[in-house]
1. Scan (1) at pLDDT 80 or above; (2) not in a helix (DSSP H, G or I) for the single condition Val40 breaks and write down its number.
2. Is it fair to say Gly201 is under 26 Å from Gly53 (Cα atoms) and in contact (Cβ under 8 Å) with a residue 24 or more places away in the chain?
3. Among Gly78, Gly67, which is of a type outside the set (D, E, K, R), surrounded by 17 or more Cβ atoms within 10 Å (Cβ to Cβ) and modelled with pLDDT of 75 or more?
4. Can you find a residue in segment 44-63 that is modelled with pLDDT under 75, hydroxyl-bearing (Ser, Thr, Tyr) and not in a loop (DSSP other than H, G, I, E, B)?
5. Within the set of pairs 6+ apart or on separate chains, which have a first residue in segment 155-170 that is over 11 Å from Ala48 (Cβ atoms) and assigned to a helix (DSSP H, G or I), a second that is at pLDDT below 90 and of a type in the set (A, V, I, L, M), and C-beta atoms under 7 Å apart?
6. Can you tell me which residue in segment 95-131 is surrounded by the most Cβ atoms within 10 Å (Cβ to Cβ), limited to those that are among the acidic types (Asp, Glu) and either at pLDDT 80 or above or part of a helix (DSSP H, G or I) (or both)?
7. Within segment 11-34, how many residues are without any contact (Cβ under 8 Å) to a residue 60 or more places away in the chain and within 17 Å of Thr132 (Cβ to Cβ)?
8. Are there any pairs with C-beta distances below 6 angstrom linking a residue in segment 76-103 that is over 19 Å from Leu135 (Cβ atoms) to a residue that is modelled with pLDDT of 75 or more, with the two at least 6 apart or on different chains, and if so which?
Amino acid sequence: MLDYLTSALVTLLVTVDPPGLAPIFLGITPGMDAVHRRQVAIRATIIAACIMGASGLIGAQLLTALGITLPAFRIAGGLLLFWIAFEMVFARRNDRKTEHAEQAITLDHIRNVAAFPLAIPLMAGPGAITATILLAGRAQGDVLKLGVLLAVIAFVSLSCLLTFLAAGRISKWLGVTGNVVLTRLLGVILAALAVQFVADGVKAIIAG
């Protein structure tokens, strides 16, 4: 159980990357006062948590309905997570996040910014959804482990909320160099986790 808790916590924290969202949050809420930013942060956190929670609870059943085996999804998800890690290590992920943010401001303006791009795809993006489904699969129907996963999702979502509320101070504290170093480090950790997902999927297919 402790191994599952640690794996779930590290995987989702690295995939969602709350500290990395701080400068993006500031960039997509220009001109907002503290009250409006707080409202956006709370709404985005709730939306993202619901999406990840639903992915964990019904994601595996959806895969079964589509005829996709969990080992195959583990391999595909691991490759996707590895690509996200590659982007993080080579500084491409922030460029993509910024591009999404700029498009959202142009199309939906500030009133919809909590749903897009903050909740989707910056918080509950493809990587986070994939990681949640994979972690739910590892629970193998264990109600206690699924409860732990939901608790981890709530914790990660709360971490995002706290990050958004303190975005200004965090960005100044880390500075340019701090943000770069943190992103690279998280990318390396995520790459290792992604390789483990692929290895587990291949092992399951061979054993089956």
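1. Going through (1) at pLDDT 80 or above; (2) not in a helix (DSSP H, G or I) one by one, Val40 breaks only (2).
2. Details: under 26 Å from Gly53 (Cα atoms): yes; in contact (Cβ under 8 Å) with a residue 24 or more places away in the chain: yes.
In short, yes.
3. Working: Gly67 fails: surrounded by 17 or more Cβ atoms within 10 Å (Cβ to Cβ).
Only one candidate passes the filter, namely Gly78.
4. Step one: of segment 44-63, the residues modelled with pLDDT under 75 are 60.
If we keep only those that are hydroxyl-bearing (Ser, Thr, Tyr) as well, we get none.
Taking every residue of segment 44-63 in turn, none turns out to be modelled with pLDDT under 75, hydroxyl-bearing (Ser, Thr, Tyr) and not in a loop (DSSP other than H, G, I, E, B).
5. Thr163/Leu21; Thr163/Ala22; Thr163/Ile170; Ala167/Ala22; Ala167/Leu26; Gly168/Leu26; Ile170/Ala22
6. Taking segment 95-131 as the starting set, the residues that turn out to be among the acidic types (Asp, Glu) are 95, 99, 102, 108.
Okay, now just the ones that are also either at pLDDT 80 or above or part of a helix (DSSP H, G or I) (or both), so 95, 99, 102.
Numbers: Asp95: 10, Glu99: 11, Glu102: 13.
This residue is Glu102.
7. 0
8. These pairs meet every condition: Met88/Gly187; Val89/Arg184; Val89/Gly187; Arg93/Glu87; Lys97/Ile24; Lys97/Leu122; Ala101/Ile24.
The values are calculated or read from the model by the stated rules, or taken from the named source; none is laboratory data. Not measured: the values here are computed from a predicted model. Please note: Cβ atoms are built from the backbone with ideal geometry, for glycine as well, and neighbour counts cover all protein chains shown.
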